[in-house]
Amino acid sequence: MTLQHKTAIITGANRGIGRAIAIALAGEGASCVLCARDEQKLASVERKITTVGGAACSLSRDLRAPDAPSQLVDFAIARYGRIDIVVNNAGATKRGDLNAALLSLTKSLAAAGRDAGIQVNAINPGAIRTERLEKRLAALAANRHIPLEAAEREFIETEQVTRIGEPEDIANLVVFLVSPRGRFLHGALVDADGGATKSI
C-alpha cells in the first residue's frame, strides 16, 4: 500500500467518480475524509471502506457555502491530524472557456506550490459511466427507439472514443498521481477521455 499514513480529502465522494476515488485511495492505505451533500450516500461509502479495514470518516456539506471548505479542513485535521491529499471532485462543468480557465488555474497553483512541495495536477475525465451519463444514454436510446446497448455503441462512434470510461479508470489515475510514482507530474493536465480531446 503506497499511501499509508496519508490523509486524503475527497469531495463529491458519495457517488460516481468521487466514490471510486475514495475507495481506491483507502485501498492504498490512505485515511479518507469524504465530503458531499448527500449524508446517506456518504455514510454508505464510509461503511464500504471501513468494513474492509480501511479508514474513513464523512462530513456532509454543500461546498458552495462560504464557510464549508474551512469546516471540512478543520474536520479532517481534528480527525486525522493532517492533510496530505485533496481531490477536488465536486461539481461539473462543460468543456469550453470555463474549463480552460480551470486548467490555467491548475498551472498557476502548481507554480505557487512548487517551493512548498505541494503537487498540483488536473484530470479531465471524458464520458464516464456515472448516473449522469446513464441518463444521457437512456435518453438517446428512447429518442432513437433503439436498445441501450445500441445507444452506447452509437455514442462511442459519434464521440469518436475508444469506449465509455468507468469511475475506476479515473480512480486508478488519481492513485498514481498522488503516490510516489507520480511525483514528477506537476501542473499536468491529463485527458482521461478515451481520445475525446482531439487537439492540444
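Condition check: more than 18 Å from T11 (Cβ to Cβ) and either surrounded by 14 or more Cβ atoms within 10 Å (Cβ to Cβ) or without any contact (Cβ under 8 Å) to a residue 60 or more places away in the chain (or both). Does L105 satisfy that?
no
Output the number of the condition that E154 fails; it satisfies all remaining conditions of (1) closer than 30 Å to A8 by Cα; (2) acidic (D, E); (3) modelled with pLDDT of 95 or more.
(1)
For region 32-77, what are the residues that are among the hydroxyl-bearing types (S, T, Y) and either loosely packed, with under 14 Cβ neighbours inside 10 Å or more than 16 Å from T11 (Cβ to Cβ) (or both)?
Hits for region 32-77 are S44, T50, T51, S70.
Scan region 154-181 for residues that are assigned to a helix (DSSP H, G or I) and in contact (Cβ under 8 Å) with a residue 60 or more places away in the chain and report the count.
Looking only at that region, the number is 10.
Looking only at region 115-140, which residues are free of Cβ contacts under 8 Å to residues at least 60 places away in the same chain and part of a loop (DSSP other than H, G, I, E, B)?
D115, A116, G117, I118, R129
Looking at region 168-184 only, could you name the residues that are under 19 Å from N88 (Cα atoms) and over 17 Å from the mean Cα position of the chain (by Cα)?
R183
The values are calculated or read from the model by the stated rules, or taken from the named source; none is laboratory data. This is a predicted model, so every value here is computed, not measured. Positions of Cβ are generated from backbone atoms using ideal geometry, with glycine treated the same way; all protein chains shown enter the neighbour counts.
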